[in-house]
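The values are calculated or read from the model by the stated rules, or taken from the named source; none is laboratory data. What you see is a predicted model; the values in this text were computed from it and never measured. In this analysis, Cβ positions are derived from the backbone assuming ideal geometry, glycine residues included, and neighbour counts consider all displayed protein chains.
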Protein chains: 2
Amino acid sequence: MENKLGRTLPEDVMTKYGYKPFETTDLGNPTVERTSHKVRISTGQDKVTADLEKVVKENVKDGMTISFHHHFRNGDFTFNKVMKIIMDLGIKDLTIAPSSLTGAMNDVAIEAIKMGTITNITTSGMRGELGDFISHGALENPVVFRSHGGRARAIEDGEVKIDVAFLGVPNSDSCGNANGMIGESAFGSLGYALMDANYANKVVLLTDNLVDYPNTPASIKQTQVDYVVEVDQVGDPDKIGSGATRFTTDPKNLKIASLVSDVITNSSYFKEGFSFQTGSGGAALAVTRYLKNAMLSQNIHASFGLGGITKPMVDLMNEGLIGKLMDVQDFDKAAANSMKENINQQEIDASWYADAANKGAMVDQLDVSILSALEIDTNYNVNVLTGSDGIIRGAVGGHQDAATAKLTIICAPLVRGRIPSIVKSADTVITPGNSIDVLVTERGIAVNPNRKDILEQLENVPGINLYTIDELAEKAEQLVGKEEELQHTDKTVGLVEYRDGSIIDTIKEIKD
Amino acid sequence: MENKLGRTLPEDVMTKYGYKPFETTDLGNPTVERTSHKVRISTGQDKVTADLEKVVKENVKDGMTISFHHHFRNGDFTFNKVMKIIMDLGIKDLTIAPSSLTGAMNDVAIEAIKMGTITNITTSGMRGELGDFISHGALENPVVFRSHGGRARAIEDGEVKIDVAFLGVPNSDSCGNANGMIGESAFGSLGYALMDANYANKVVLLTDNLVDYPNTPASIKQTQVDYVVEVDQVGDPDKIGSGATRFTTDPKNLKIASLVSDVITNSSYFKEGFSFQTGSGGAALAVTRYLKNAMLSQNIHASFGLGGITKPMVDLMNEGLIGKLMDVQDFDKAAANSMKENINQQEIDASWYADAANKGAMVDQLDVSILSALEIDTNYNVNVLTGSDGIIRGAVGGHQDAATAKLTIICAPLVRGRIPSIVKSADTVITPGNSIDVLVTERGIAVNPNRKDILEQLENVPGINLYTIDELAEKAEQLVGKEEELQHTDKTVGLVEYRDGSIIDTIKEIKD
């Protein structure tokens, strides 16, 4: 079976899970039914406990789906704390459905897979040893990779049914009113976790900061929460701004960021009231800093900035250059801490951010989106999930979602060491090429041929050297030679959903 | 059939609608299933229109359930505007499910009933000519009266399924991000309407104030909204503070309010961090003003004030005497306008406010609740819905819900003109007597015998004259004589739900 991008999909797996192949980025206007969930009625007097083990024992059973958020990123403590108790209790055959898996969770996740505690995973991504482990066939069932918007959709339409959500929060009152923006462990927006809070059958908050009732603002509300578990420390917010969201000082990345800024400012989208999102990854995050100069000199203000929010974006808001920051997640501690002080830094949930199956998400209104890539093929299809070695080392994140912007720019170095970024065929396709408008490398820029308007706007701009993407692919090949073809087994270790839930690609077990 | 309060319920009606008789105020911890709803997928580009008729035509069909909010109270324009179009289009057999019906809607509602446009109603209450009309058997099917919390529950569990919600808002952007607190027509909290926005299959906003995207704070979110209809004027906020929520200057009411304050301040609940709610009705609303002096002199601060928020409550917050105002509705323009400036005036939806079938509502945490009554019987059962003439002239409101407070005080004059407030048997029971702790009249105070603790606290307090409720009933009878028994037909014109959805009482057609 092949989908519209020509990716081969395993018929047996597709049938087993009832999946449809990817067809189009245009999702039309079908009417869908939201899912429902269970609620245990309570007056709210009985929620506070320090006994996490008891909560787990009474609520987590073999075969259930449990979830976590990754707002603490590498500073997360909740996943390990809960999973260790679950393993100790001998609970088996769980599906974990975190908003994503970060490096902090790898060791425990691997142990839990080995024990048979975890037998299914759906996530935005994974990295490091866990990615390696999964890529080598550690799980019988394929991991389902979803974008942040895709996860919101899957939770809303019941494709993912969460039995118990374990959500670490930097504050809560005795009834479960909580937010992410106040307290020693503040991480800012609770955007991804708000989906779990709204749809899980049971919601367990973990906090190191029990505050007076009623706690406001309440991003998570007492009406959603079953337990408030007191813990010593819920997470380490100093580790939010590491990994994929740290700031680059690499000259190549800075060159790319500067060129991306030039593309934006010379496009027709750079005008008063424009909007933009920068994805994770060094160059993409760095663009904001370059954009600022053009905004100042041309007296142009953005209506909103979207996505993982960073300190440079907060600075732009505070300087009056961005009207509002629509914040589903904070990528550094400074952005996290500014939320409580800035009424214009608006927390949004993952559905509002990026769900393709609601009545309109923020991404649908985006002018400019700046995204990264591990690979981009000559049809502009982008891979942000598997490395050149075929190993899972990334995340879908908001990539597919934000690529719906009017101007979507991929920034990537032409080569990384001996590895080309531009290839004939991407190892794994995460985002379809017709969503992508411009590719910016340090050695030249390519515009998707279906965007003649943008091509015209960028022609004859000093400093912008335009090539076809095939020419850039050749340049890369000249530098590092042809990439070796990867060797896979027949086993499917990963299914990658497009944001509508269709399968855009699969990941096969790697043959060493 | 009789329920636990001894109210006779018509077997045929109970069976037809599948209702259970009221049993207990203790709802326990059952697990229930939330309902789902339909969503028409959109990217949000196509929502703005000035053609309300087209929206109605394309979305409202015979037999549907449509809803409205009553946040504008007597200043509402939306109900009439929409209903007139519906009548002109000849649509029939609608169920209307507004959060309540105000006097501003009466004429059009009566016309629509006469035309067969409206054949079913569920509401918190009704007054004036509409109440008279319904009480005389205008509808074939009984009106279902629900508390604000009961409506939230009924929407959440699918007892009320809203096909199309028409919601007037003082601002919205092109995608439907809206709040109630900003703009010429601001009415403050959107608390009741948030239920409709979250659960209706189609959500139509009407606004006279289309603002730049993205509009924040967004109490209603673009993910919930199908249409944004531009209208000349969406409502008259000057008329919010009229009717049941205006301030009293009546000396009898002020005497009662002063006594209520004495009861509170001499009870064990009056301590640092206490919480309270004042219901609508002159005396109840006036209590806040008396409470202030005691709070100042004893240096006691309230953790939160709840309910319909008034200017005196806002003043107390601004003076530091109340920590937070949990605001499901604003009872006057000053309270409405302060919301945008006070981060501690927290908007809450009707579920968070008062739903009995969630994981804990604000009312479950209330210390003191001050409520009104049209009648209270000698078992402390309260009627706030039908007058002494048997005519519907009130609303369940938050009465049943807030009566869950630790100390619930009913304030009522001993008699109103020639009509006693304390009777042997209330015409209609809205709130069960075991929820009520104290009755305060201008001529004396009665404490529910099941609250010996409160009785002890109030004994020997200067100025507090304690009687049994039977003694107060006798006093009333001495003043105005025995009440004449009302004459009803067999026809059931109203069903009154307790907050859990069981039937606490029915209203029979009045025989003139």
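Assess whether A:T65 counts as being more than 14 Å from chain B (Cβ to nearest Cβ) and crowded, with 23+ Cβ neighbours inside 10 Å. Considered against the rule, which asks whether it is more than 14 Å from chain B (Cβ to nearest Cβ) and crowded, with 23+ Cβ neighbours inside 10 Å, A:T65 comes out as no. Residue count for the stretch A:67-123 satisfying the condition of being in a loop (DSSP other than H, G, I, E, B), closer than 19 Å to A:V204 by Cα and basic (K, R): 0. Are any residues in the stretch B:182-213 over 21 Å from B:E58 (Cβ atoms), within 14 Å of chain A (Cβ to nearest Cβ) and surrounded by 24 or more Cβ atoms within 10 Å (Cβ to Cβ), and if so, which ones? Within the stretch B:182-213, B:S189, B:G191, B:L194, B:M195 qualify.
If you go through the stretch B:41-54 and keep only what is within 14 Å of chain A (Cβ to nearest Cβ) and of a type outside the set (A, V, I, L, M, F, W, C), you end up with B:S42, B:T43, B:G44, B:Q45, B:D46, B:K47.
Do you know which residues across the stretch A:83-96 are farther than 14 Å from A:N106 by Cα and crowded, with 20+ Cβ neighbours inside 10 Å? Walk me through how you get there before you give the answer.
Going residue by residue through the stretch A:83-96, those that are farther than 14 Å from A:N106 by Cα are A:85-95.
Matches in the stretch A:83-96: A:I86, A:I91, A:L94, A:T95.
Do we have any residue at all in the stretch A:24-34 that's basic (K, R) and surrounded by fewer than 16 Cβ atoms within 10 Å (Cβ to Cβ)? Within the stretch A:24-34, none of the residues are basic (K, R) and surrounded by fewer than 16 Cβ atoms within 10 Å (Cβ to Cβ).
Can you spot a residue in the stretch B:443-460 that is acidic (D, E) and more than 18 Å from B:T408 (Cα to Cα)? No - not one qualifying residue is present in the stretch B:443-460.
Please go through the stretch B:311-324 and give me each residue that is more than 10 Å from chain A (Cβ to nearest Cβ) and not in a loop (DSSP other than H, G, I, E, B), ordered by number.
Within the stretch B:311-324, B:K311, B:P312, B:M313, B:V314, B:D315, B:L316, B:M317, B:N318, B:I322 qualify.
Applying a threshold of 7 Å to beta carbon distances and a minimum spacing of six or more residues, or different chains, the list of pairs starting in the stretch B:95-121 at a residue that is at positive phi and ending at one that is acidic (D, E) and outside any strand (DSSP E or B) reads B:G116/B:D93. Scoring A:K4 on the criteria (1) touching a strand residue (DSSP E or B) at 6+ places or on another chain (Cβ under 9 Å); (2) more than 14 Å from chain B (Cβ to nearest Cβ); (3) within 22 Å of A:K161 (Cα to Cα); (4) part of a loop (DSSP other than H, G, I, E, B) leaves a single failure, condition (3).
Within the stretch A:133-161, being assigned to a loop (DSSP other than H, G, I, E, B) and of a type in the set (D, E, K, R) holds for A:E140, A:R146, A:D157, A:E159, A:K161. The set of residues in the stretch A:97-110 that are more than 18 Å from the chain's Cα centre (by Cα) and crowded, with 18+ Cβ neighbours inside 10 Å comprises A:V108, A:A109, A:I110.
Restricting A:S124, A:S189 to those that are touching a strand residue (DSSP E or B) at 6+ places or on another chain (Cβ under 9 Å), hydroxyl-bearing (S, T, Y) and within 16 Å of A:A218 (Cβ to Cβ) reduces the list to A:S189. Each residue in the stretch A:320-331 was checked for being over 17 Å from A:V363 (Cα atoms) and without any contact (Cβ under 8 Å) to a residue 24 or more places away in the chain, and 1 of them qualify.
Of the residues A:K20, A:K38, which is away from every other protein chain (no Cβ under 14 Å), out of contact with any Leu (no Cβ under 7 Å at 6 or more places or on another chain) and at pLDDT 95 or above? Show your work before the answer.
Numbers: A:K38 fails: away from every other protein chain (no Cβ under 14 Å).
Step by step, each of A:K20, A:K38 is checked, and only A:K20 is away from every other protein chain (no Cβ under 14 Å), out of contact with any Leu (no Cβ under 7 Å at 6 or more places or on another chain) and at pLDDT 95 or above.
Scanning the stretch A:319-334 for residues that are crowded, with 24+ Cβ neighbours inside 10 Å and farther than 10 Å from A:I240 by Cα yields a count of 6. In the stretch A:340-369, of all residues being surrounded by fewer than 24 Cβ atoms within 10 Å (Cβ to Cβ) and closer than 19 Å to A:Y269 by Cα, the one that is farthest from the chain's Cα centre (by Cα) corresponds to A:D367.
Within the stretch B:272-281, is there a residue that is touching a residue at least 12 places away in the same chain (Cβ under 8 Å), over 20 Å from B:L371 (Cα atoms), within 14 Å of chain A (Cβ to nearest Cβ) and of a type outside the set (F, W, Y)? Looking through the stretch B:272-281, at least one residue is touching a residue at least 12 places away in the same chain (Cβ under 8 Å), over 20 Å from B:L371 (Cα atoms), within 14 Å of chain A (Cβ to nearest Cβ) and of a type outside the set (F, W, Y).
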